[in-house]
Every structure is written in structure tokens, then in C-alpha cells.
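The values are calculated or read from the model by the stated rules, or taken from the named source; none is laboratory data. All values reported here derive from a predicted model rather than from experimental measurement. Quick reminder, even Gly has a Cβ in these numbers, built from the backbone with ideal geometry, and neighbours come from all protein chains shown. Just the protein is used for accessible areas: all its heavy atoms, side chains included, with ligands, DNA and RNA removed. Shrake-Rupley method; radii C 1.70, N 1.55, O 1.52, S 1.80 Å.
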Amino acid sequence: MVLIKHIRRCTRRCIIFFLAASVFVPILLLSGSLRQFDSEVWEEPIEDLSSIKYRTDAQKLNTMKKEEGESLKEPQLLVYRGGDLSSMVSYGSSEGSTRSEQSGYAKSSTKMSGNGTNSDSEKEEYQQAQVEKPTVTSGKKEMLKEMTGQHKQNVWSQTRRVLDKKVKEIKDQLIRAKAYLKFAPPSSKSQLAKDLRLGSKELEQAVGDSTKDSDLSRSVLQRMKAMKITLSKANYLYRECPVMATKLRALTCNAEEELQAEKNQVTFLVQLAGRTIPKSLHCLAMRLTAEYFALQPSKMEFPSQPKLHDPDLFHFAVFSNNILACAVVVNSTVSSSSEPEKIVFHVVTDSLNLPAMSMWFLLNPPGKSTIQIQTIDSFEWLSKHGTTLQKQNSNDPRYASALNHLRFYLPEVFPLLNKIVFLDHDVVVQSDLAGLWSVNMKGKVNAAVETCEKGEHSFRQMEMFVNFSDPTVANKFDRRACSWAFGMNMFDLQEWRRENLTGVYQKYLQRGSKKPDWEAGSLPLGWVTFYNHTVSLDKKWHVLGLGYDSDVSLADIEQAAVIHFDGIKKPWLDIGLEEYKGYWKKYVDYKHPYLQQCNMHR
């Protein structure tokens, strides 16, 4: 019993001891840290006060020097505009940096020499700084104005995006409504489908062409609310996300297929439009033909023209059945020439268009120049090559036409000439071409502008049109050989006859009809026929691409001697590129009676 009491007494004493320790030990520790903190706090202000006193004395000296050297300036008045907080901050920071620079200049002025006065060099530095300071400040002000203007523009664009939020929301609602209608069966007559169709129709009619929230009326906002409720119902019915995702993928696939089909249709229609003759041109040909056969037989022929075979004159060849196009080529060439009396045109067409072509130039002779109209059927020697000309791997009449391949028989067509310039009927001449007859041909047959420079709109390579997978072709030609353009070419007919390039052309034409070694048309055949027989002309002689490329540089067009509307979009067609039609139309006399009767207008 005594032992139990003793144990209890010891336990009670231990508890009291631990309680006392838990109370007094934290107090002792806290008092020690307080003493250390107090010593640190009261030691630092002594140094701070001394530094403050030192700085105060320096500031007094600076103030005294400033009052002696310059008058005090008033602080600038800052006017803050509402909503332009960033400009206010940037302006304040600029002023702060300016003040720091001023204080820096003041500090440099307070540096004392050994006798207590400023040295001469320090004075010069200070004066120079004072002189340069306005320039720095003005530059910062200009920068500040620019930053403020940019900020205002950003604020305006952000505000505009916020203001147009309703318009975007309406567009999103219409897209969602059409998507939900796609989920419903085509024959669905449910109330939800009716509400979606009706709501979409009313919303589209109410919005119209509005692009800003300010253009929206109250009725539009009410319809927005109604559509929102309808879409919520649709969202409740179509909860299964995987099913909707599958349906949307199918819709996307169908839309892509429809888009591709539309693109193919557009391409086909453009190609078809390029091959057909516009109604106005057909009307012109019919009227001219009727007028031609109404003439007396003696007036159907052109007057005696002794210049036709003079090798010292400038001879141009144009092969075409398009009357208006030939008229533009002739008119532009004559008007651009400094010596039109030395120009001789040789126009070759088919027998169907011969009367109309002849009648046009009988009524509209090319001034002092000479013109000859011939038909391809008059060349009896060509009949033996007629079957070969028709063997083309294309249904396009532009490529299969005998007129298109007649250019390879120029020495036979003009046996008495030494040189001739060949012009396509879709070109416009803007400068005098007499300089072509002084070009150094370097013993070559053909002079043309090259089209093998990458990055240009007229870039072409032989491998684009020639099949180099054939070992015979690969061994014969270099796929990296420079290509050139048809449409404006100077031909040395004497060298042509010497090299017998017409025979080379016939060989490659027959080969192409048996094996697909090159694309149909005269361009790849010309590359292989005149391979290593072509000299390069300056690019300013001939600019291409106006019939398919809308990015041709206007500077290049203005400087070019000949501009070429190669491609499907000819300037006399409705599909022609509008930005270039003016270069062609200015050589068409739309006041001509026949053009007026055939409803041809600018």
C-alpha cells in the first residue's frame, strides 16, 4: 500500500514538472530571439541614418548647382484618357527613365576635383549631355506616340471582336442546327426537325449580310434565344457522342467528295469554254463571210504586193482561224513599229474562215504595212503529211489542229524567205520588234525566251512533258536542259533547211503517235525538234502567263515587248483574267459597225 502511494506521488511530480517545462521553456526561447532581433533592428538604422544624411547633403549640392546653372522646370501635366491605361503606364515609365537620366547628369556635375571645383573635362561632358538631351527626349516621344497608336489599334480590334460576338454566335447556331438536321432521317417530320428548319430559315433571313453586332435588330436577338432553346432540346436528344462523331465523319467525307466533284466540273467547264467559239465571234465570221461573197470577183483579191517575198523586210507569220485575235496581233505590231512600211504579215487560216479573214483585212488594211491571207488547203505538198498531223494523243482541237503544227513547216511555207518571226494569235506586241532581226543567232535555228528558271510563273521543265523513263529518250535528251517558249520566235529558215529539222519533227511526231513519249501539243515536240538548236533571248522580249496566272508582275508586263495570253483563259473569252484584258482590248475598235452588230462591247 505504501509502495502504491509512493508511485502515485512520483507520477504526480513528473506531470507537474513537464507542465512547468512546457510553459517556461518557450518563454525563455522567445525572449532570446527578441533580444537578438532588437540588436539587429537598432544596429541598422544607425548606418541608414548616416547614408541618408550623406545623400541629403549631396542632394543639397545638386540643387545648388542646378539653381546656378539653369532655371527650374515645372512638372509636366499628364492628362490620362479613360481606357488607355497601358499608354499611361508606358508614358510614366518613359518619364521615369528621363528623370533618371537627368539625375545621372546632375550626379556627374557634382563630381568635385581636388580643389572643390568641377574639372574642364567634366564641364564639357555635362554641357554635351545637356545639348544631346532634347534629341533623346524627342526620339522617345516619337516612340511613345507610335506605341500609343499601336495600343489604340489593338484596343479597337479587341473591342471590335467583342462587339461582333453575337454575329459569330449566330453563325455557330446555324452550323449546329444544320448538323442536327443531318442526324435526323430525311423523311423526319418531328417537331424538333421542324423547329430547327424554321428557326434556321428565320435566323438567316433576319441576319442577312450583317457582319457587326450594331447591324442586328431586336428581332434577331429574340430569334437567337428561340434557337438556343431548340438547340438545347436537340442536344438533350442526341447525347451519344460516339454516334455523333461517326455521323460527322461520314458527313465530312461526303462533303469532300462533293467538293472534289464540283472542282472537276469547274475544270471541265473551263476547258470546254476555252475550246468553244463565243457567239459574238461566230456572228462576226458569218457577217464577214456574207459580205465577202457579195463582192465583185475583182475586189476579192488584195492589190499587187511585190513586198511579199522581199527577204530584206520584216516578215511575221500568224497561223489562226480567229479573226479578232489576228486583228489585235496586226494592229499592235503596226502601232508599235517605227518603220511599219517594212512590215509584212503572212496570215494562214483554214478554208472555212478564209473569206471572213480576207474580208476583215480588205476593210481594215494594216496602214503602210503589207498583209497576205492564205489557206492551209492551198499547200498541196502538205497533203502527204495530213494523216500524220492528225495522229495526236489528244481530243483537244487546239493540239490536233493542222494549223497548230504548221509552224514546223515554215521553210516550205515560205521558200523564198531567210528569216521570219512567228507570233501566236494570243499575243499583244507592245514594242518595236525590228531588233529581232539583228539578234546574233550563233548558228542556231530558233531564238526564244527560256522558261527553265525556278520560281517564275512561266517555269517549265522538259521532264514535265517528256517521258524520261524510256531509255531511248533518256539517252537522247538531258532532263535538265533548259526549256523555252513558243509564241514569239525568230527562225533562221536557211539554217533550218540545212539541218532538215522538218524531217526531225516528222520522225518525232510518228514516234509520239506510237509511244507516249511526250504530251500532246506542239510545245514538247518543239523542245525535242529544236534540241541544241535554240539560242536564248532576253526575258523582256516575251512575257508569258497572262492566260492562266493572275500573279504576273505588272512591271514585267509594262516592260515586255510581247505579252502572251497563253493558257485557257484567253482575253476574248468571258473566263479571261479581267486584270489583263485591258492590254488586249485597247487594240480592238469596238466602234466598228460589225462589232456593234454582233454585240461586242468592252
Cα gyration tensor shape of the range 213-274, rounded if a/c is under 1.5, else prolate or oblate by comparing a/b with b/c = oblate
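Which of the residue pairs Lys307/Lys454; Lys368/Lys507; Lys419/Lys585; Lys212/Lys586 have a Cα-Cα distance greater than 32 Å in the structure shown? Please report the intermediate quantities before stating the final value.
Working: Lys307/Lys454 43 Å; Lys368/Lys507 41 Å; Lys419/Lys585 30 Å; Lys212/Lys586 42 Å.
Pairs exceeding the cut-off: Lys307/Lys454; Lys368/Lys507; Lys212/Lys586.
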Taking the Cα-to-Cβ direction at Asp551 and at Ser351 and moving 7 Å from each Cα, how far apart do the two end points lie in nm?
-> 4.8
Using a basic spin-label model with each label point 7 Å from the Cα along Cα→Cβ, how many nm lie between Val23 and Ala179?
-> 7.3
Could you point to the residue in Phe459, Met488, Tyr505 farthest towards the positive end of the range 423-508's charge dipole, with +1 and -1 charges on the Cβ of Lys/Arg and Asp/Glu respectively?
-> Tyr505
Exposure of Trp541 as accessible area (Å², to 10), given a probe of 1.4 Å and all protein chains | 50
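In debye, nearest 20: dipole of the range 182-234 around its Cα centre with unit charges on the Cβ of K, R (+) and D, E (-)? Walk me through the numbers before you get to the answer.
Values: 11 positive and 6 negative charges, 65 e Å.
Around 320 debye, computed over the range 182-234.
Let me check I've understood the local charge: for Ser338, count other residues with C-beta under 13 angstrom from its C-beta, Lys and Arg +1, Asp and Glu -1. What total comes out? Intermediate results must be reported in sequence, preceding the final value.
Values: positive: Lys342, Lys368; negative: Glu339, Glu341, Asp432.
Charge balance in the 13 Å sphere: -1.
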Distance (nanometres) between label positions extended 7 Å along Cα→Cβ at Lys171 and Ser383 = 6.8
Under 18 Å from a label point 7 Å along Cα→Cβ of Ala481: give me every residue in the range 434-457 with its amide N that close.
-> 442-453
For each pair in Lys279/Lys570; Lys182/Lys233; Lys442/Lys476; Lys168/Lys247, compute the distance between the two Cα atoms and list the pairs where it is over 18 Å.
-> Lys442/Lys476; Lys168/Lys247
Rounded accessible area of Asp213 (nearest 10 Å², 1.4 Å probe) = 40
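Using 0.36 nm per residue of separation minus the Cα-Cα distance, give me the extension gain between Ser335 and Phe468 in nm, one decimal. Write down the numbers at each step before the final one.
Working: separation 133, 0.36 × 133 = 47.88 nm, distance 4.44 nm.
Fully extending the segment from Ser335 to Phe468 adds 43.4 nm.
Is the C-alpha gyration tensor of the range 411-500 telling us rounded, prolate or oblate? Criteria: a/c under 1.5 is rounded; beyond that, a/b larger than b/c is prolate, otherwise oblate.
On the way: a/c = 2.27, a/b = 1.36, b/c = 1.67.
In terms of gyration-tensor shape, oblate.
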Taking a probe of 1.4 angstrom, what is the accessible area of Glu453 in Å², to the nearest 10?
-> 90
Ordering Phe459, Phe319 from largest to smallest accessible area (1.4 angstrom probe), what's the sequence?
-> Phe459, Phe319
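Order Leu237, Leu577 by their accessible area, 1.4 angstrom probe, all chains in place, largest first.
Leu237, Leu577
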Full extension from Lys247 to Asp574: what is 0.36 nm times the residue separation minus their Cα-Cα distance, to one decimal in nm?
-> 113.6 nm
